[in-house]
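Written out below as structure tokens is the structure these notes cover.
The values are calculated or read from the model by the stated rules, or taken from the named source; none is laboratory data. Since this is a predicted model, take the numbers as computed values, not measurements. Please note: Cβ atoms are built from the backbone with ideal geometry, for glycine as well, and neighbour counts cover all protein chains shown.
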Amino acid sequence: MISSETSIVLGVAVRACLFASSTIRQWLMDRPEVSTPQSSWIRLKEGMALYKNDIPIYDGDSFHDSPLMLHFFLRLNDLSPLLIPIFFVLADVVAAIKLSQFSRLYIGDLVADQQESRSKFADDSYKILPNRNRLEWIPDLVCLLYMLNPFLIAACVAQTTVVFNNLFLCLLFYHTVKENAIQATLFLALTTYQTFYPVQLVAPLIMYFHKQSNASVLRCTVKISVLFMLWSAILFGISGMESVDSMMATMKFILTVPDLTPNVGIFWYFFTEVFNHFHAFFLAVFQLNVVIFSMPLTIKLKSRPIFLMFHLCYIIATFKSYPSVADAGLCLCILPIWSHTFEHLRSPLVTSVMLLVSSILCPVMWHLWIQTGTANANFYFATTLTYTTAHVLLLTDLLIAYLKYDYHLFEGLKPKLDNTEKEAAIRLKN
């Protein structure tokens, strides 16, 4: 396995080579799969131009990113425009390092917890118990996948602000397993401030600190909630110093979905077709779809907060109003952490092929639709729908595999039906 240091060097080299080509950079910036109306660098540049000319940046329909992100790049651009690509690459490097460190810490905790609970497991469970020797290569693999993931490389070279949202999530995972409540809530507040949907990650964060500290649920809830609200108040307070409108502009844009520019999500096509009379109803349904899974998953996975946090992140990346391939790219990099459950996956080949084919066909269908005019929006939407379906299948498959693994730990590899010698079959009930 390639070491993390080598992966970082290779990833930086690939990004540097692509940054050197203005043609590739411009092509990636124009890709709807990579740049969304909220995270696009082209729109961020327009926002900076509007701000410098004392034009209200949120009155029009061009800039929709957060005010703090705008001011950060304004200051950076004033220092030197050459610093901007350096910061994007640096953000990816830090994210890869922290994700690798998170993987190492989580695997160590996982092995320790399962060894402590060994007496509660079935006699033959030792065959599937993970150990440090079997999993020691995973942190290096996670770092390699992050630095050489085509989705994440494309987002970095296109200079989309998803790069920084991914950085915040990686730091959130890292500081959570490090049990640093102040830092974890800070980065949760930052990613919530940036894209709103991660607010539902408060629940697994509370559960993790409750599990690790043995403090009461009420005490952990109050502590995490207060810290999160304090950081959020600071961020929104700074944003609202110039105007109250700028404080809520990004949230309003995410929730109302006024820009129907094509992307890899499910919002844009549906709301170009729906009757205006039903627009508000279906908008509420689609937005509810992003958060409705958090409650049942929280109940089912209350003793597995890190896996719950990952699963909610994957759901957000799949169903958010303005998704990018980089959102799902981060989740794909974390998958190897649960490699000990992969033998219970039902259709990994089908899911992998669907994801690969749809990722290749998206640029093709876009070219046929926009450049040559030999196709229409249905072609592109069908491809993005396949892409979304592949992620949904992967999500459900991984959840079932994880639950099956837990079942076999406690019930044995070949559980028997009650009072019989017949082997039991595990089925997912409706």
Original post:
Quick one: what pairs do we get from the stretch 273-302, first residue over 27 Å from residue 202 (Cα atoms), second exposed (fewer than 15 other Cβ atoms within 10 Å of the Cβ), C-beta under 6 Å, 6+ apart or different chains?
Top reply: 274/282
Original post:
Hey, any hits in the stretch 209-216 for a residue that's out of contact with any Pro (no Cβ under 7 Å at 6 or more places or on another chain), surrounded by fewer than 17 Cβ atoms within 10 Å (Cβ to Cβ) and either assigned to a helix (DSSP H, G or I) or at pLDDT 95 or above (or both)?
Top reply: yes
**OP:** State which residue pairs qualify: first residue part of a helix (DSSP H, G or I) and inside the stretch 162-175, second residue of a type in the set (Asp, Glu) in any location, beta carbons under 7 Å apart, and separation of 6 or more residues or different chains.
**Re:** 162/327; 163/92
Original post:
Among all residue pairs at least 6 apart or on different chains, which show Cβ distances below 8 Å where the first residue, located in the stretch 70-92, is of a type in the set (Ser, Thr, Tyr) and the second is at pLDDT below 95 and part of a helix (DSSP H, G or I)?
Top reply: none
**OP:** Being of a type in the set (S, T, N, Q) and either touching a strand residue (DSSP E or B) at 6+ places or on another chain (Cβ under 9 Å) or closer than 19 Å to residue 410 by Cβ (or both) is the filter here, so list the residues in the stretch 122-144 that pass it.
**Re:** 125, 131
Subject >> Those residues of the stretch 223-241 which are loosely packed, with under 13 Cβ neighbours inside 10 Å and of a type in the set (A, V, I, L, M, F, W, C), in sequence order >> reply: 226, 233, 241
Original post:
In the stretch 135-164, what count of residues is obtained for those that are in contact with a Ser or Thr (Cβ under 9 Å, 6 or more places away or on another chain) and surrounded by fewer than 16 Cβ atoms within 10 Å (Cβ to Cβ)?
Top reply: 1
Original post:
So which residues in the stretch 182-198 are of a type in the set (A, V, I, L, M, F, W, C) and at pLDDT 95 or above?
Top reply: 182, 184, 186, 187, 188, 189, 190
**OP:** Provide a single number: the residues in the stretch 85-110 that are more than 26 Å from residue 337 (Cα to Cα), aliphatic (A, V, I, L, M) and surrounded by 15 or more Cβ atoms within 10 Å (Cβ to Cβ).
**Re:** 0
**OP:** Determine if the stretch 312-323 includes at least one residue that is hydroxyl-bearing (Ser, Thr, Tyr), assigned to a loop (DSSP other than H, G, I, E, B), under 23 Å from residue 189 (Cβ atoms) and touching a residue at least 12 places away in the same chain (Cβ under 8 Å).
**Re:** yes
